1. Just the number, please: carbon plus sulfur as a percent of the accessible area of the chain, 1.4 Å probe, no ligands or DNA/RNA counted.
2. Kindly express, to the nearest 10 degrees and within the range 0 to 90, the angle between helix 124-139's C-alpha long axis and the longest C-alpha principal axis of the chain.
3. State, to one decimal in nm, how far the label point of M1 lies from the label point of A35, with both points 7 Å from Cα in the Cβ direction.
4. Using DSSP to define loop residues, name the trypsin sites (Lys or Arg not before Pro) in the range 1-60 whose beta-carbon has at most 10 other beta-carbon atoms within 10 Å.
5. Helix 35-47: angle to the longest alpha-carbon principal axis of the chain, degrees 0 to 90, nearest 10?
6. Under 13 Å from the 7 Å Cα→Cβ point of K270, by amide nitrogen: which residues of the range 61-89?
7. For the range 186-280, give the magnitude of the charge dipole about the Cα centre (Cβ charges: +1 Lys/Arg, -1 Asp/Glu; no others), in debye to the nearest 20.
8. Sort 170-178, 48-56 by packing, meaning the average of other beta carbons within 10 Å per residue, with the highest value first.
Amino acid sequence: MKIIRLIKEMSNFSCLSRQKGKTIGFIPTMGALHAGHLSLIRCARKENDLVVVSIFVNPSQFGPKEDFKKYPRNLKKDADLCKNEGVDVIFYPLVTGIYPAGFKTYVEVKELSDMLCAKSRPGHFKGVATVVTKLFNIVLPDTAYFGQKDAQQAVIIKRVVMDLNLAVRIKVMPIIREKDGLAMSSRNAYLDKKERKSAAVLYMGLKKAEGLIKKGAVNPQYIIRRMKNIIEKERAVKIDYISIVDAEDLRPLKRIKGKILLALAVRIGKVRLIDNLIING
Ligand code: AMP
């Protein structure tokens, strides 16, 4: 397994590999890898000749008061995990490589980048769309793998690929969860024991909503109220938002119909967690 730091070297590797007819599967990450990331890597490993994982804590997607500086970083552990999964290349660029002096061009996706998580993280998706577009142009993947965990991100990336005619296939993989249902996340490591225990209510709330919808509930406000009742029982958990939107275009829904995305974000102490469920209403 190679660890490549220079953009030129990564580009050359990808160009040469594609000239030889090899397919490239790509998983963009911020590192601190867990079973969620590994599920994407395993799928890529099955479907491609070469697998590239990028590890880049992208400063442009963090707000000034967010956790960019303290975001968990552990290249040695990540590299061991990647090696174990048969990854061919870790692309581990420098911030000054991705954003050299004079950098001025950003990718902005209208509307989709202003709703849901963007309300408390303004500018976040502009940073995500920009870095992912740059990574696609450097790594030249045939297929890029994303997690349903970041549902809004997946919708936005698909939009970017369509709107900018990027030659990459996007595959979105299911959320990998802990035993009690908590979605795996690098940020779970910030939770203390008590907070970690209370975080289980997120999945309980989502499953409650799913049950109500399966029984025929169609009013989003009613469902959200019932979810709030469950989640707010844990005093440490502060709801940022709970929304029911169309799963394909994130349009808010007045009535449950078709494939819906039930998305939420909460704060537990200083930690912001997101989760979601796709339900066929
Ligand atoms: P991150 O390192 O948080 O930027 O995540 C990198 C990729 O892994 C993103 O596409 C995430 O959606 C995906 N991912 C993160 N957590 C999970 C999870 N629990 N299950 C599935 N995919 C995940």
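1. Ligands and nucleic acids excluded, carbon and sulfur reach 53 percent.
2. Orientation of helix 124-139: about 30 degrees from the principal axis.
3. Going from the M1 label point to the A35 one covers 1.9 nm.
4. Numbers: sites: K2, R5, K8, R18, K20, K22, R42, R45, K46; in loops: R5, K20, K22.
Those satisfying the criteria are K20.
5. 50 degrees
6. Once the point is set 7 Å along Cα→Cβ of K270, 65-72 turn out to lie under 13 Å by backbone N, inside the range 61-89.
7. On the way: 23 positive and 10 negative charges, 71 e Å.
Roughly 340 debye, rounded to the nearest 20.
8. Numbers: 170-178: 16.7, 48-56: 23.0.
Packing order, densest peptide first, comes out as 48-56, 170-178.
The values are calculated or read from the model by the stated rules, or taken from the named source; none is laboratory data. Note that the structure is a prediction, hence the values are computed from the model and not measured. FYI the Cβ positions are ideal-geometry reconstructions off the backbone, even for glycines, and counts take in every protein chain you see. Calculation scope for accessible area: heavy atoms of the full protein, side chains included, ligands and nucleic acids excluded. Shrake-Rupley method; radii C 1.70, N 1.55, O 1.52, S 1.80 Å.
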